[in-house]
Structures are given as structure tokens and as C-alpha cells.
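First the structure, in the form of C-alpha cells, and then the observations on it.
The values are calculated or read from the model by the stated rules, or taken from the named source; none is laboratory data. Given the structure is predicted, the values throughout are model-derived calculations rather than measurements. Every residue, glycine among them, receives a Cβ derived from its backbone with ideal geometry; neighbour counts consider all protein chains shown.
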């Protein structure tokens, strides 16, 4: 990267922190402001914020890895995340139903559903603790992906026995945490809107670059990770790689970590059923927070529609990056296709804009997750059971400190996780188990 590229990235980071700090006073009015924006944020801003939060860098990297290694059928593995399918349920009825409860969190909704006796208390506490645990895992997921991506560009050295990826993730998290902790949902949503514009520009440029400049060879090699920690080259053809027709079985080598998808048809049917059940029951964390924060039933439907429309542009972007990775060749780790392509195949000047746009994708996921996760501690555990008479000052203090603690725990867990696929598989499985 040139001085111009670094300048663009620094300008973006300063703008994000500035926007977040600008809303600090509004967020400090109370926990309704801090976690729900006083239910006064416009639907289009909530929808754009949701799109930015879903288009995270770790998810983009792992889905690009699947498409790079498996070809077009790799898109079907995203069914295990099921974001788009869940959005259909939220747009039609679940978003409106959840909003009408006028609660702050999904755990509080358990009292609305089951009452405030013993059964309702147990359901609320289980929901609160399980979602906090998943939030910490999401921070770990964010940190691993952003560490791999940012470390590729900034060249942060390893020291104190910790990898460069760990320190790159720490840098990103520290910057995002400043405005997230200071301004709550106000800062999250409005920085996400700004980031969404940058992300959208990034998507358009990369898709145009891949479409007009690069062509897939007839025969080429891709690489898949091994359970032992190395990588294995696999030869394929353009016809096989671009086929959109899913097969019942894949032929990944048994020693590959991707061999878990060999029973492809069963895996896809399982995840399709799982996310259908999840969608019928709503969703949680930062996604449902947008609906709790909406102004009306009508606006909860509109924000879902806008959210889904914007999120659809993620898939052409992933396909474009995977194609450019194949053309570039000699990429061992599929999870590094995204940073390698940006670093090696994008011209200077434009590279800074793309890096800033993808950092925006990472930070928007992080800020939403942290803000929503902290609400479960403050509203569902501290205020409800530990200190029902807590003052506004005490609640705001716990809102900010719980955000910091969740982040620190998530960052520490990166030391025990080897790759994005490992933590992503755990998260999606735990989400399904929790909702079922």
C-alpha cells in the first residue's frame, strides 16, 4: 500500500470515531437510548445498518474460501448461516410480532411470553446467558477474520509471543470499541450507514473489475486446508467450478477440513430445515435489536425489505473475489483469498478505498454485536435480578463496562481458535441448538 492508501484508511478510521463520539450525549440519556435509540431511528437507517452488520469481513472471507475451494456450489454452504431466509420471516411477520412486545432484548421477551413466575425467570436467564456466550464467540469470529485481513496489509509484527494477526485484530477492535462504548445504538447505526455507502462502492468496483478484466482458465488448481494444519492442491476445470447445480456428495479428500461437507445434500437439507425453524421463531442478538428499535410495525417490515435487498449484493462480490483468486493462483489458504486479491490485484489508490470498505464491513459487525450483547447483561441480569433499584448512572456504567468485558473475553479466545471455519461452525451449531 502507498502513502495515499494509508491516508484513505486513516481518514476513514478517524471519521468513524468522530461520528460515534458525536452521538455520545444522546446515548447517555438512559439504557433505552443506549440500546434502542429511543425507538426513533428511521427504517432505512436500521436496514442499511443491518446490511452493514451482516456483511462482515470474517463471513465474507469464509464464504469466499468455500467458493474458491468448492466452486459455485460453495454458495449453498451459506444456508447454514441462513441470514437471507431468516430475513424473509422477519419481513412478513416475525419483525412486527417482536416489536409489539416493546421489550429491549429477546431474553426480556421470555417474560412477555411465559410470564414472570419461575418458568419465565428460568427461560429469561437461560436466554440471556446463552446469548452472551454466543456474543463472545462472535467477537472471536470477528477478531480472527479481521486479524487475517488487516494483518495482510499493515504488516504488524508478532511480539510478546502473540501473532501479528492477534495484534491486527486488537487494533481494529480497540478503534471500533471507542465509538461503540461511547454512543451505543446511535453510534452503531449511523456509523453503519456511512460504512454501508463505502461497502457498496467497494462491491461495485470489485464486480466490475472481475467482470471486465479477468477470465477463468479451462483447467486450474485450488487449495483446501488439511486437518493437520497444512494445505492440499486440487485440480479442477472451469466447467466443474462454475456449475451451480449442487451434487448430493462432494469428493473432498478425507484429510481435508472441508471433508465434513462430503455428504453435501444431507448437510444442506439439515441446515435448510434448521434455519426454517429458526426463522419461524425469529432471531436474536443484533438482528432482532433493529426490530425492537423500529418506530412501527410498518417500518419493521420496510427495514427487512431494504436490508435483504442491500445484502443480496454480497454474493456477486464474493464470486468476483473468488474468480480473481483463481486467476491469481498460488494461494494456499482459502481464507486469505480476499486479502491476497486486494493486495496483489487492485491498483494503488483504489486499494486504500477497498481496504477501508472491508474494514468498515468488519467494524460494523463488531459494533452491532457488542452493543446488542451488552444489553442482555444490563437489562436481563443486572437490572432484573441483581439490582432492581439501579440508578441511571449505574445502568449506564454497566452498559459500557459489560461491552468492554465482552470484547476482552472474545479477543482472548482467539488464542485457542485456529481458523474462521472452526469458530463459524461452532457459532451456527450453537445458535440452532439454542433456538431449538
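Residues considered: 338, 269. Of these, the only one that is farther than 27 Å from residue 36 by Cα, out of contact with any helix residue (DSSP H, G or I) (no Cβ under 8 Å at 6 or more places or on another chain), assigned to a helix (DSSP H, G or I) and at pLDDT below 90 is 269. Going through region 337-350 one residue at a time, which ones are surrounded by 19 or more Cβ atoms within 10 Å (Cβ to Cβ) and within 11 Å of residue 202 (Cβ to Cβ)? If the condition is that a residue be surrounded by 19 or more Cβ atoms within 10 Å (Cβ to Cβ) and within 11 Å of residue 202 (Cβ to Cβ), then 342, 346 are the ones that fit. Name, by its number, the condition in (1) surrounded by fewer than 24 Cβ atoms within 10 Å (Cβ to Cβ); (2) at pLDDT below 80; (3) closer than 22 Å to residue 62 by Cβ that does not hold for residue 133. Among (1) surrounded by fewer than 24 Cβ atoms within 10 Å (Cβ to Cβ); (2) at pLDDT below 80; (3) closer than 22 Å to residue 62 by Cβ, residue 133 violates only (2). When residue 90 is tested against the conditions (1) at positive phi; (2) in a helix (DSSP H, G or I), the lone failure is (1).
Output yes when any residue across region 167-181 is surrounded by fewer than 20 Cβ atoms within 10 Å (Cβ to Cβ) and either in a loop (DSSP other than H, G, I, E, B) or at positive phi (or both), and no when none is. So far as region 167-181 goes, no, none of its residues is surrounded by fewer than 20 Cβ atoms within 10 Å (Cβ to Cβ) and either in a loop (DSSP other than H, G, I, E, B) or at positive phi (or both).
Within region 302-314, one or more residues are in a loop (DSSP other than H, G, I, E, B) and either without any contact (Cβ under 8 Å) to a residue 24 or more places away in the chain or over 16 Å from residue 96 (Cα atoms) (or both). Take the conditions (1) touching a strand residue (DSSP E or B) at 6+ places or on another chain (Cβ under 6 Å); (2) not in a loop (DSSP other than H, G, I, E, B); residue 332 misses just one of them, which is (2). Is it the case that region 105-115 has a residue that's at pLDDT 80 or above, crowded, with 22+ Cβ neighbours inside 10 Å and not in a helix (DSSP H, G or I)? Yes, region 105-115 contains a residue that is at pLDDT 80 or above, crowded, with 22+ Cβ neighbours inside 10 Å and not in a helix (DSSP H, G or I). Here residue 259 passes the criteria (1) over 27 Å from the mean Cα position of the chain (by Cα); (2) free of Cβ contacts under 8 Å to residues at least 40 places away in the same chain; (3) in a helix (DSSP H, G or I) except the one numbered (1).
For region 394-411, the set of residues classified as without any contact (Cβ under 8 Å) to a residue 60 or more places away in the chain and closer than 23 Å to residue 142 by Cβ consists of 398, 401, 402, 405, 408, listed by residue number. Right, residue 204: surrounded by fewer than 17 Cβ atoms within 10 Å (Cβ to Cβ) and out of contact with any strand residue (DSSP E or B) (no Cβ under 7 Å at 6 or more places or on another chain) or not? When the stated conditions are applied, residue 204 passes them.
Taken over region 1-39, the criterion of being over 15 Å from residue 187 (Cβ atoms) and not in a helix (DSSP H, G or I) is satisfied by 1, 2, 30.
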